[in-house]
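Read the figures in this text as sums done on the coordinates, not as results from a lab. Computed from a predicted structure; not experimentally measured. For neighbour counting, all protein chains shown are included, and Cβ atoms are generated from backbone atoms with ideal geometry for every residue, glycine included.
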């Protein structure tokens with residue numbers, strides 16, 4: 001289907017050193033510019049981010065420090081990229097939350113004036129999530145091809161959830177899934193342990209996800225000024241942060257977890273008494 005455009009549209013995607021808009025950098029940008037007469041022009045740049053690319057990021061997009069060695073920096077390309085975009089509207093996948101803010105951040109670092117005013121920002125992911133809603137009613141219609149009546153009645157919702165689970169087991173019995181590391185499996189099988197493992201979106205130490213787990217299995221903060229830092233290390237260096245959390249409006253289950261971490265660190269740091277036997 002041809003796009004109805006009154007001015008150019010640039011669809012773009014970024015590969016980056018990580019997911020933090022304020023500190024991470026672009027390592028690849030691809031832009032497809034569509035003009036009102038539906039002609040396409042493609043620009044694809046590998047970019048030296050000037051900071052190391054973490055191994056976990058390379059595992060996702062396949063771009064290593066060696067690949068960008070000698071490539072131009074974003075600052076060197078910023079004028080060319082801005083000129084290519086021109087007055088175009090912008091589109092991407094999850095772009096309003098990540099790609100657009102990071103692109104603007106890079107332009108600001110490069111001291112290139114890139115104004116978003118009067119641009120239309122189209123986020124394909126948001127359209128997808130709004131049109132294919134992730135409610136129980138939508139899942140019941142999708143998997144069971146039935147309308148959910150009495151929605152938000154506990155028994156009706158519980159029965160619908162069970163029906164959806166059964167339908168998922170049938171639909172995805174032989175369906176392959178590729179995880180972010182590239183591992184391929186058939187995870188939707190009729191074993192509760194396997195389904196529980198597949199149900200985990202992000203590893204977490206507490207129930208609500210304020211405390212996550214890093215690759216090494218360490219508890220780390222998922223919020224605030226210490227995001228990504230080991231909880232035990234922060235409590236050791238800044239004991240008042242533990243006190244602040246305990247007095248704050250955090251769930252009791254989270255407070256129970258951080259207390260266990262605090263006590264573990266305290267016990268590990270206590271000097272051990274060694275008794276000699278005569």
Tell me, rounded to the nearest percent, the portion of alpha carbon pairs in the range 1-127 spaced more than 23 Å apart.
30
Orientation-averaged projected area, Cα convex hull of the range 140-278 (nm²)
14.8
Cα-projected label distance for residue 161 with residue 94, points at 7 Å along beta-carbon direction, nm:
2.6
By its C-alpha gyration tensor, with a ≥ b ≥ c as the square roots of the eigenvalues, how is the range 211-269 shaped: rounded for a/c under 1.5, else prolate for a/b larger than b/c, else oblate?
rounded
For 57, 95, 253, what ranking results if the residue with the fewest other Cβ atoms within 10 Å of its Cβ goes first?
253, 57, 95
Tensor-based shape of the range 58-115 (alpha-carbon gyration tensor, a/c under 1.5 rounded, otherwise prolate or oblate)
oblate
Estimated FRET transfer efficiency when R0 is 30 angstrom, pair residue 176-residue 144 (beta carbons, to 0.05):
0.80
How do 152, 129 rank when sorted from fewest to most other Cβ atoms within 10 Å of their own Cβ?
152, 129
Considering the chain as a Gaussian network with a 10 Å cut-off on Cα pairs, which listed residue, 179, 13, 89, attains the greatest mean-square fluctuation?
179
What number, in nm² with one decimal, is the all-direction average of the projected area of the convex hull of the alpha-carbon atoms of the chain?
24.5
Looking at the chain as a GNM with Cα springs under 10 Å, which of 240, 199, 23 has the largest mean-square fluctuation?
240
Which of 238, 132, 106 ends up with the largest GNM mean-square fluctuation for the chain, with Cα atoms connected below 10 Å?
238
For the range 141-156 and the range 72-100, what is the centre-to-centre distance using only Cα atoms, to the nearest Å?
43
To the nearest 0.05, the calculated FRET efficiency linking residue 233 and residue 183 through their beta-carbon distance, R0 being 25 Å, is 0.25
Fewest to most Cβ atoms within 10 Å: 15, 76 sort as 76, 15
